[in-house]
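Everything below concerns the one structure shown next.
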Amino acid sequence: MTFGFFTNLSWRFLTVWRRNLVVYRKIWKVNFLVPLLEPAFYILAFGLGFQGLIEGLSYAGQSMAYTQFMAPALIAISIMYNSFFETTYASFVRMYYQKTFDGMMATPLSLEEIIVAEIVWSATKATGAALIMTVVLGLLGFVIFPQGLLILPLAFLGGMAFGAVGMFFTGFTPSIDMFNLPIFLFITPMFLFSGTFFPTSGLPAWAQHAACIFPLYHLVELSRFCCLGLVETNPLISLAYLFSFALVFLVFGLMAMRRRLIK
Amino acid sequence: MNSQGIDNATSILQADNLGKRFNGVTAVDSVSFTVKTGECFGLLGPNGAGKTSTIRMIYGFSPPSSGTIKLFGLDIASQWRLIRARIGICQQDNTLDPDLTVLQNLLIFAGYFRIPRHLANERAEELLLFFALEKKREAKVGELSGGLARRLSLARALINDPELIILDEPTTGLDPQSRHLLWERLHTLRTRGKTFILTTHYMEEAAQLCDRLVIMDQGRILVEGTPASLIEEHVGRSIIEIASPEQEGLRRFLRSHQVDYDELSDRFIIYNNNDAAIEQMIRDGFCSRQCTFRSATLEDVFLRLTGRELRE
């Protein structure tokens with residue numbers, strides 16, 4: 001049973017992914033608005049409201065406007081939220097309240113395929129949101145093209161990483177309210193301290209090292225690399241970190257869900 | 001199919017010494033049974049008897065703690081995917097997809113079986129018609145009444161044209177009309193050669209639908225047989241119920257004539273087995289108050305074997 005999840009995986013998982021797409025198509029018009037308007041709001045608020053207060057910001061040895069610095073992080077944050085919330089709240093509702101997974105387990109689908117489909121779906125949603133945001137921010141002049149399009153595969157990878165860690169929490173959260181805990185202890189600190197709203201180079205050394213553990217830090221760095229062509233870390237190391245993080249939590253997520261559902 | 005042709009002709013499912021333990025509690029304790037091709041096999045028992053645990057092991061949802069299950073001659077542990085493609089399961093909980101419409105529930109489910117789209121459409125239309133759901137095709141599942149939802153669950157379980165259909169309490173909570181419609185449809189499916197495994201709390205339902213059944217309690221199989229043979233063997237053919245009788249006299253009478261009976265707080269249940277002489281004597285001697293003469297039913301067998309005290 002230990003590594004059964006590899007033998008239990010097949011392309012059949014795409015049928016579950018398709019199910020989520022069919023459901024999403026009914027509500028996409030509303031969901032579409034969030035990534036469309038959110039960056040505009042942030043840029044407006046921070047650009048107009050904040051910019052005058054912040055001068056002499058420099059990143060990777062270059063001075064730049066605050067909005068220029070912040071815009072790529074907005075995409076990274078959106079990738080994180082879209083995938084993490086999908087595999088926590090949304091997957092929990094499907095698993096626990098709607099018993100959708102139970103129904104699927106009466107078909108030739110394996111639990112592993114169902115869970116992988118959920119995570120891949122969360123990455124798909126994250127990629128869609130990233131695409132819209134990149135277009136909006138590109139029109140506002142915050143993204144260089146064509147390099148900016150690299151955001152799309154990056155969003156998928158980032159989505160897999162945060163989707164997988166979300167599924168890991170879903171695997172053992174006793175109730176839907178308890179998701180507040182990983183959000184408060186894991187997501188919010190990352191949201192604030194991953195070089196999102198200020199460069200980590202301004203932090204004390206220990207905090208800089210701590211930020212390197214956050215997957216969002218690497219996603220933000222890579223997002224800046226795509227949007228600005230600038231980066232403070234080694235992008236290959238960040239890529240390797242995100243990839244490993246995704247893989248490790250995919251396995252942990254599958255193990256946690258198997259423990260939870262197979263009784 | 002060839003090598004096991006003979007075996008398949010007689011049995012579609014074989015469970016051997018099946019056991020299931022959860023955290024030290026034994027839910028199923030070494031049960032063995034076979035289900036023959038084309039029959040309706042009943043799993044009866046009070047709540048907590050281990051019926052649903054057994055069902056879940058049969059379709060590979062939960063791995064057995066001990067023992068083996070073979071369906072179509074295939075082992076569920078290793079060939080669950082092939083097996084699940086050939087069975088239909090109507091679970092006890094409503095597991096319909098509330099995010100989808102009635103028709104989408106069938107089509108998306110067909111997708112999980114990788115049924116080609118045109119065939120899925122065809123079957124979905126047939127099933128909507130068969131279960132009188134065609135007017136609800138675009139309805140959301142959340143808007144369906146209990147009866148409609150159960151019909152859709154059953155329709156969904158048939159989307160892969162299964163050889164074996166597993167029904168876990170298919171009529172619990174339904175109104176009589178819905179229940180009868182469901183029974184009627186099950187009868188039709190039986191004439192098409194489908195095999196059924198059914199769990200239920202309704203003894204009338206089991207007696208009507210099942211060719212053969214087992215009664216389980218506390219994880220074990222107590223008895224196995226046809227409804228008629230179980231009635232005959234365990235409670236006889238007729239029953240006399242006497243409300244608040246003159247107890248001592250009746251007890252003495254029954255003992256002296258070696259008639260089987262159960263004593264409840266407010267009445268005696270006498271397993272008379274169509275003995276006309278005994279019946280007449282009871283009618284004359286002990287029926288000053290309320291007396292009921294009736295045929296024995298499966299419910300009498302069930303209560304006699306599993307006891308009358310509450311389980312939960």
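Bear in mind that the values in this text are calculations on the coordinates, not laboratory data. Keep in mind that this is a model prediction, so the values were computed, not measured. Glycine also receives a Cβ, built like all others from the backbone with ideal geometry; neighbour counts cover every protein chain displayed.
The table below lists the values:
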read-out	value
Normalised alpha carbon radius of gyration of chain A [divisor 2.2 N^0.38 Å]	1.03
Ranked list, fewest to most other Cβ atoms within 10 Å of each Cβ, for B:118, A:218, B:234, B:187	B:118, B:187, B:234, A:218
Karplus-derived HN-Hα couplings along region A:132-138 (A = 6.51, B = -1.76, C = 1.60, θ = phi - 60°), whole Hz, x at Gly and Pro	4, 5, 5, 5, 4, 5, x
Of A:187, A:144, A:237, the one that fluctuates the most in a GNM where chain A has Cα springs shorter than 10 Å	A:237
Modelled FRET efficiency - R0 35 Å, residue B:117 with residue A:29, Cβ distances, 0.05 increments	0.85
Rounded to whole Å, sorted largest first: equivalent-ellipsoid semi-axes of region B:5-225, Cα gyration tensor	28, 19, 17
Distance between region A:191-263 and region B:117-169 - C-alpha centres, whole angstrom	46 Å
Vicinal HN-Hα couplings computed from phi for region B:102-117 (Karplus, 6.51 cos²θ - 1.76 cosθ + 1.60; Hz; Gly/Pro x)	4, 5, 4, 4, 6, 6, 5, 4, 4, x, 4, 8, 6, 7, x, 3
For region B:208-214, Karplus couplings with θ = phi - 60° (6.51, -1.76, 1.60), whole Hz, Gly/Pro x	6, 9, 8, 7, 8, 8, 10
Order of A:66, B:59 under a 10 Å beta carbon neighbour criterion, fewest first	A:66, B:59
Percent RCO, i.e. relative contact order, over region A:4-261, from Cα pairs under 8 Å lying at least 6 residues apart	26 percent
Cut-off under 5 Å, modelled amide H: who pairs with residue B:238 long-range	B:272, B:273, B:274, B:296
Cβ-defined net charge surrounding residue A:91, 15 Å radius [Lys, Arg +1; Asp, Glu -1]	-1
Built amide H within the under 5 Å cut-off of residue B:198, gap 5+	B:41, B:42, B:43, B:167
Residues with amide H under 5 Å from that of residue B:11, placed H, sequence gap 5 or more	B:37
